[in-house]
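The values are calculated or read from the model by the stated rules, or taken from the named source; none is laboratory data. Small disclaimer: the values here were computed from a predicted structure and weren't measured. Backbone-built Cβ (ideal geometry, glycine too); neighbour counts: all protein chains shown.
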Ligand SMILES: [Zn+2]
């Protein structure tokens, strides 16, 4: 069971959180994007072998949606790449 | 008759005899015994049959490494597949061997031995594959005969799961672990110490060593007393296995005998800052012909039986070793007066200190055991020089062997730490740690007492940032080994076992390699070596040795297989803890639940764990009569239902209107305060997420209701959007589901009932029109009255604070009596909504349909440029694919009920379906069965006849609009 850092509550057990999936690119303007790009946005989820940026909802805590980088090989919560948001 | 109990010594309590049964026979042991030591004390040598060949087996080890004797416990604490060496003897205990029937002495499965040559590695895979393994599996499982699961849960207690936190978690209370715990405890850290044995001491319990000039067990007792006196040492658990090392230093501990007798077992999830692994080492066996016969035992196990349990595992022993540790056992045997016939040492040179320990026992250096005589018990051994010359037969009833020591790296490896092969120890030791953990003592390959104490103290000093303490004085021991991976002397014939539990021999490994399975993980799976309950604790390194020898590569290059939890078997009950569903997920109740139950309501779960009445049966009524009565009250008079479980969220902020326009398909921001509007929410991929009503309370204040089951989903959806996509929008969401209860009165006489209740709100059609609300008082209670309708009748939803709900309810029932009011359950609600063709998530909405399919194109705003799911719905509908659309069905025979879910096929033929029936109810307004269905191109097929195809019949039905009652909606607007 992972220990997830919540900016408000500190490190808390994974069981307090709901998984929100990997962070996708920003939602494109649906009126200004091609069908292909829209489907790509909807259906393609980042699934790297290594660090992935993902969201967790502290549903059984303060209610924050938070973002972490997690290494899918080890579950280690890591620093994101320096050029990431 | 404990005729093998030594007259003195041991950690057993001779004043407390315990009666037990084994394979139907009565025996007596002593308090402090394990089942294994008690059996040995009673001279029970043949205790098991093996898994594949049903060979006779005895007790091999003394702890969780035991590969041979698995038992099934019977009676009140029934439990399957336990190693006899880890079962603490209890009075009245009853156990039986697994793998044999009716007993290990007379085992019908033993005929397998006659065909042993026909059961090579991979036999099952090769033989039982046509037409399907599943055809053979039940029979093979039965023949293999591992114990079945107990039939009922234990009667006299429950399991428990608990969380704990520690600065330092110490695994193992041997010398290294105790030393580490002392140092960490003295530093003031929160220390959690767990040890798998019944008492602290680890290997010190089994040996005769001194610490600081006194018996080592005195030091153990002092250490435990000191730890107990420290308030910061939070847990000192014995008989507790740390069985899993998970991510982020989360470890699982299975406490098997908690102090509270109501708790059968307790499972701890411990989050530790630093983990100190003081898990010791296991002795591994040697690989020689017939090394599985009853009476062939690990030397260290024999040492434990003699010293800890005062049991003589045999009368005349021969030792076979490739290292020095066996000589200490010889010394203990001599001190206890047990005869040692010879020591067979495969090394050419035996160190002087070892020779001294052996005393006058003859040592055959450079020699090996090439055979064992006796099938059900050892009667003697044949010894030869390593090359096979100079054979000699030695009479004995016990053969004690030692092939070296394997650090117990299971947890370290589970934590993803790397292992490295250590030439001087001829085994794998921990290398680089992947988490905040450190191995000490035997677990790190530090086999001597002095190095165990030192490494334990060092690790704890480092973890706590304290000074290294003075260590108690002990005699330094030395250890050397010359690896002997298998005896291959000329004349050595017979099965040489690598994995005794799964009957894997050297020949099996050779065959696997020959057939191309040359990765160690493949060999493991093909031969099943190391896949038993013991996880190959005594045999795995020998398998790696056998592969290395055969391939001619170093062991480091072969590598180990992956270690996985659990380290020792754990009951499912312990993992689950108290998880009966009502404990983990309690039901949610409204203030009217008690009233409902008193009224004899049949309760349903209404989603999200809410309990709601299904219907209110009366004496002499059939189910259908009950539902019809409740429906008629609503259609003809007045009914009332408790709508409290609907999800409710209050949204505040400048941008709520804009936000609701984004999450609903229709326009919400144009609502005026005091109005409400039905809306549909989609997911971004265009499927229906939920439906509900939004109310505008004020300029920047709204109330949104959701379906009961999807309240949490919608809440998460709103928060995710607001926090991740629109953080700059000013919207605050507060769940108020439990802050508002509601009683909804509905039916043509609802307004009359409201008048009887008394209210200061103008309820006239003009004063409070359909889809509006007002705050005021009803029956003297503060209330918000909302005109929405889920039944198609004139309805007033009376929202009150929970503290007023029961009061309101009772006043409604009282005032409603002259109108023939009925409380309405969810069965009647279902009928009423079907008659109106109102959709129900989970019935008509199944993850494929959209609003257009449901005939609700009007709700898909064309004015809005964008909202969640808009683009995807458009995309899905492009290309004119055939869609299943919502229709009403009238069975041609009005008395024909169509089962919900029944497929519709063209002409009722056996062919691909063109739809399905989503709901079918007895309509009280039409006095016949009516149904809703999703039908291909259904919107343009009204007045056609379609067919539901059942198993033994077809039902014809006419297609119509999905509305059976008041299609203009005059009644609910009245
Ligand atoms: Zn939080």
Which of the residues that make up region A:9-56 are out of contact with any helix residue (DSSP H, G or I) (no Cβ under 8 Å at 6 or more places or on another chain), part of a strand (DSSP E or B) and within 9 Å of chain B (Cβ to nearest Cβ)?
A:11, A:13
In the set B:524, B:462, B:493, which member is over 23 Å from residue B:536 (Cβ atoms) and at pLDDT below 95?
B:493
Does region B:184-195 contain any residue that is out of contact with any strand residue (DSSP E or B) (no Cβ under 6 Å at 6 or more places or on another chain), part of a helix (DSSP H, G or I) and in contact (Cβ under 8 Å) with a residue 40 or more places away in the chain?
yes
It is to be established whether one or more residues within region B:770-781 are closer than 25 Å to residue B:599 by Cβ and out of contact with any strand residue (DSSP E or B) (no Cβ under 8 Å at 6 or more places or on another chain).
yes
So the helices (runs of 4 or more DSSP H) completely within region B:532-618 holding 3 or more residues that are within 30 Å of residue B:256 (Cβ to Cβ) are B:540-551, B:572-576, B:581-584
Is it true that residue B:221 is without any contact (Cβ under 8 Å) to a residue 12 or more places away in the chain, away from chain A (no Cβ under 14 Å) and over 24 Å from residue B:63 (Cβ atoms)?
no
Exactly one of (1) surrounded by fewer than 20 Cβ atoms within 10 Å (Cβ to Cβ); (2) assigned to a loop (DSSP other than H, G, I, E, B) is unmet by residue B:624. Its number?
(2)
Only one residue in B:251, B:264, B:227 is touching a residue at least 40 places away in the same chain (Cβ under 8 Å), part of a strand (DSSP E or B) and away from chain A (no Cβ under 14 Å). Which one?
B:264
Among the strands (runs of 3 or more DSSP E) confined wholly to region B:296-345, which include 2 or more residues that are touching a helix residue (DSSP H, G or I) at 6+ places or on another chain (Cβ under 8 Å)?
B:316-321, B:339-345
Residue B:877 being modelled with pLDDT under 95 and surrounded by 14 or more Cβ atoms within 10 Å (Cβ to Cβ):
yes
Selection status of residue A:44, without any contact (Cβ under 8 Å) to a residue 60 or more places away in the chain, surrounded by fewer than 18 Cβ atoms within 10 Å (Cβ to Cβ) and within 15 Å of the ligand (Cβ to nearest atom):
no
Does region B:469-476 include one or more residues that are crowded, with 21+ Cβ neighbours inside 10 Å, in contact (Cβ under 8 Å) with a residue 40 or more places away in the chain and in contact with a strand residue (DSSP E or B) (Cβ under 7 Å, 6 or more places away or on another chain)?
yes
Mind checking whether some residue in region B:736-757 is at pLDDT 95 or above and within 14 Å of chain A (Cβ to nearest Cβ)?
no
Any strands (runs of 3 or more DSSP E) falling wholly within region B:3-102 and containing at least 1 residues that are at pLDDT 95 or above and more than 31 Å from the chain's Cα centre (by Cα):
B:13-22, B:25-31
In this structure, is residue B:670 over 21 Å from residue B:972 (Cβ atoms), within 43 Å of the chain's Cα centre (by Cα) and surrounded by fewer than 21 Cβ atoms within 10 Å (Cβ to Cβ)?
no
Within region A:63-71, does at least one residue satisfy the condition of being within 12 Å of the ligand (Cβ to nearest atom) and not in a strand (DSSP E or B)?
yes
Where residues in region B:936-974 are in contact with a helix residue (DSSP H, G or I) (Cβ under 9 Å, 6 or more places away or on another chain) and part of a strand (DSSP E or B), which of them is surrounded by the most Cβ atoms within 10 Å (Cβ to Cβ)?
B:948
Can you tell me which residues in region A:63-79 are within 11 Å of chain B (Cβ to nearest Cβ) and under 30 Å from residue B:732 (Cβ atoms)?
A:63, A:64, A:65, A:66, A:67, A:70, A:77
Can you tell me which of (1) surrounded by 11 or more Cβ atoms within 10 Å (Cβ to Cβ); (2) within 16 Å of the ligand (Cβ to nearest atom) is the one residue A:27 doesn't meet?
(2)
Name the residue, out of B:350, B:383, that is touching a residue at least 12 places away in the same chain (Cβ under 8 Å), in a strand (DSSP E or B) and in contact with a strand residue (DSSP E or B) (Cβ under 8 Å, 6 or more places away or on another chain).
B:383
Can you list residue pairs whose Cβ atoms sit under 6 Å apart, with the first residue in region A:11-22 being more than 11 Å from the ligand (Cβ to nearest atom) and the second being outside any strand (DSSP E or B)? Count only pairs 6 or more apart in sequence or on different chains.
A:13/A:1; A:14/A:1; A:14/A:2; A:18/A:59; A:22/A:45; A:22/A:46
Quick check on region B:861-868. Is at least one of its residues more than 20 Å from residue B:706 (Cβ to Cβ), within 14 Å of chain A (Cβ to nearest Cβ), touching a residue at least 60 places away in the same chain (Cβ under 8 Å) and touching a helix residue (DSSP H, G or I) at 6+ places or on another chain (Cβ under 8 Å)?
yes
Per-region count, region B:746-781, residues out of contact with any helix residue (DSSP H, G or I) (no Cβ under 7 Å at 6 or more places or on another chain), without any contact (Cβ under 8 Å) to a residue 60 or more places away in the chain and assigned to a strand (DSSP E or B)
4
What residue, of A:58, A:75, is away from the ligand (no atom under 16 Å from the Cβ) and touching a residue at least 40 places away in the same chain (Cβ under 8 Å)?
A:75
